[in-house]
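Working notes, structure below.
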């Protein structure tokens, strides 16, 4: 059971809930604060005090007064008019994460929404009603207005939603799940759609999968180091202590532990003084990405426990303040940073793939096949890695440095955080395939080494891979094998195989 309090939710908990189907509940004590916030809104409306988005229009229309009898229509119209997204729909897990994150933010008790609206939002998650939300349309300034409007439309019986694998109208999906639509009251439509939950939902999912992949990249690099008989002196603990970047120290420690007992990298005359950077600088490059990951994790875990709508209600003081917590810039910068960090892992990984398949660099048979010429071996698999790396270089251009005015220049600076998020997921997918290709190539290269000299950890990973993918003796259809290797990496099976030998990898 995942209990939402508004204050102590982690991204890992959200992803676990989404992927394992954990039920969600709302903290009863915190709901009292939600009620107090709502009571203040009701009192201020009774007094007739003008408050943005409650009895006024939105954006440039903020100075337009809305009569008391039209306040509820204002909120419904807000949801309908903002449901104008386009493009492929978000995945089910992104939408579920979005709903959980929005509910958690509303539980802070600063949004003026009724508890029953939050309860209905959580029941969508618990009963398997997943709104269809187009993935394009947010500029990430007044929050992710468009995607959150599509989410909220289902709450009022509009829009579309999936239920038990089929797409229905929002009203029908609610009915089939035994739920009733809600009639929004003052402030509630605005409370639902002013927030950064579309970009942040994508971010927490990418972050979760990135952690597994960054650790798996160290394992893949270790396999390559053994296949190429790399020089281990570059990973000496003293080298990294004198620079003191925590990610670099952790990456070097990972390599030392994974390679412990390897006679292919230790107890051997390497015949050279130093390795190329793609081998020698693994801790420096992988470690920098680990440090970037840690920064992004801290940003997202703050964001998912923050108030990100407008205006903000302070029931203890009787104040309603119109400000800009919905602006996605902190998240946009972080997601761009993680995308860049992941792309760099792909850059150095592809260079190691090239060293494995190039006989002039590896000392191994050309393209890791005994009968080269007749067989192309892993020649073209490196092309695929190169294509993905090149695509990631384009995708790594930060979305957060862009801005385009909206709402007749009232919203004259926007974050483009949702664009940063969608690019990040594409970069991550590409990197998963690049790392899978290194694992395939490294295992194939080890066919030409004495595998009795492998480290116990890398031997466990090699055996896991070979349990599903046999050595390449002659050319065959390779696409399914890349997918198999990717699945082993993404699922955490490769990480687990190594950790079973060496303990937790950092």
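Here, each number is a calculation from the coordinates, and none is a lab measurement. All of these numbers come straight from a predicted model, not from anything done at the bench. Please note: Cβ atoms are built from the backbone with ideal geometry, for glycine as well, and neighbour counts cover all protein chains shown.
Between the helical axis of 379-395 and the dominant principal axis of the chain, each derived from Cα atoms, what acute angle in degrees is found, rounded to the nearest 10?
Helix 379-395 and the main axis of the chain meet at about 30 degrees.
Where in the range 180-201 is the amide nitrogen less than 18 Å from a point lying 7 Å along the Cα-to-Cβ axis of residue 35?
Taking a point 7 Å out along Cα→Cβ of residue 35, no residue of the range 180-201 has its backbone N under 18 Å.
Between residue 47 and residue 126, take the C-beta separation as r, use R0 = 35 Å, and let me know the FRET efficiency to the nearest 0.05. Don't skip to the answer; put the middle values down first.
Numbers: r = 38 Å, r/R0 = 1.07.
Once the sixth-power term is evaluated, E becomes 0.40.
Using a 10 Å cut-off around each Cβ, can you sort 378, 52, 266 from fewest to most neighbouring Cβ atoms? Mind dumping the intermediate values first?
Numbers: 378 23, 52 18, 266 13.
Arranged by neighbour count, lowest to highest, 378, 52, 266 become 266, 52, 378.
Considering all alpha-carbon pairs of the range 202-502, what whole percent are spaced by more than 24 angstrom? Walk me through the numbers before you get to the answer.
Numbers: 24701 of 45150 pairs.
The answer is 55 percent, as a whole percent.
Going by how many other Cβ atoms sit within 10 Å of their own, how do 447, 226 line up, fewest first? Intermediate results must be reported in sequence, preceding the final value.
Working: 447 18, 226 26.
Lowest to highest Cβ neighbour count: 447, 226.
For the Cα atoms of the chain, what angle does the longest principal axis make with the long axis of helix 493-502, in degrees from 0 to 90, nearest 10?
Value to nearest ten degrees: 60.
Taking every DSSP beta bridge with both residues inside the chain, roughly what % is antiparallel (nearest 5)?
80
Relative to the longest principal axis of the C-alpha atoms of the chain, give the angle of the C-alpha long axis of helix 115-126, reported between 0 and 90° and rounded to the nearest 10°.
On a 0 to 90 degree scale, this one is about 30.
Can you pull the semi-axes for the range 286-397, root of five times each eigenvalue of the Cα gyration tensor, sorted largest first, whole Å? Kindly include the intermediate steps, with their values, before the conclusion.
Numbers: eigenvalues 501, 30, 16 Å².
Equivalent ellipsoid of the range 286-397: 50, 12, 9 Å, largest first.
For the pair residue 380/residue 19, report the inter-label distance in nm, with labels modelled 7 Å from Cα in the Cβ direction.
Modelled inter-label distance: 3.3 nm.
What distance in nm lies between label points placed 7 Å from Cα along the C-beta direction at residue 164 and residue 314?
Taking the simple label geometry, residue 164 and residue 314 are separated by 5.0 nm.
Give me 215, 459 sorted ascending by neighbouring Cβ count inside 10 Å, so fewest comes first.
The order, fewest Cβ neighbours first, is 459, 215.
Which value, in Å to one decimal place, does the Kirkwood hydrodynamic radius take for the chain when every pair of different Cα atoms is included?
It works out to 24.6 Å.
What is the P(r) of the range 331-393, as percent of Cα-Cα pairs per 5 Å bin from 0?
Once binned at 5 Å, the Cα pair distances of the range 331-393 give 4, 19, 20, 17, 14, 10, 7, 5, 3, 1, 0.
If I take every Cα pair under 8 Å that is 6 or more residues apart in the range 196-351, average their sequence separation and divide by the length, what percent do I get for the relative contact order?
Rounded, it is 28 percent for the range 196-351.
When the distances between all Cα atoms of the range 2-195 are binned every 5 Å from zero, what whole-number percent does each bin get?
1, 8, 17, 20, 21, 17, 10, 4, 1, 0
For the range 2-195, give me the percentage of DSSP beta bridges that are antiparallel, rounded to the nearest 5 percent.
Counting DSSP beta bridges with both partners in the range 2-195, the antiparallel share is about 80 percent.
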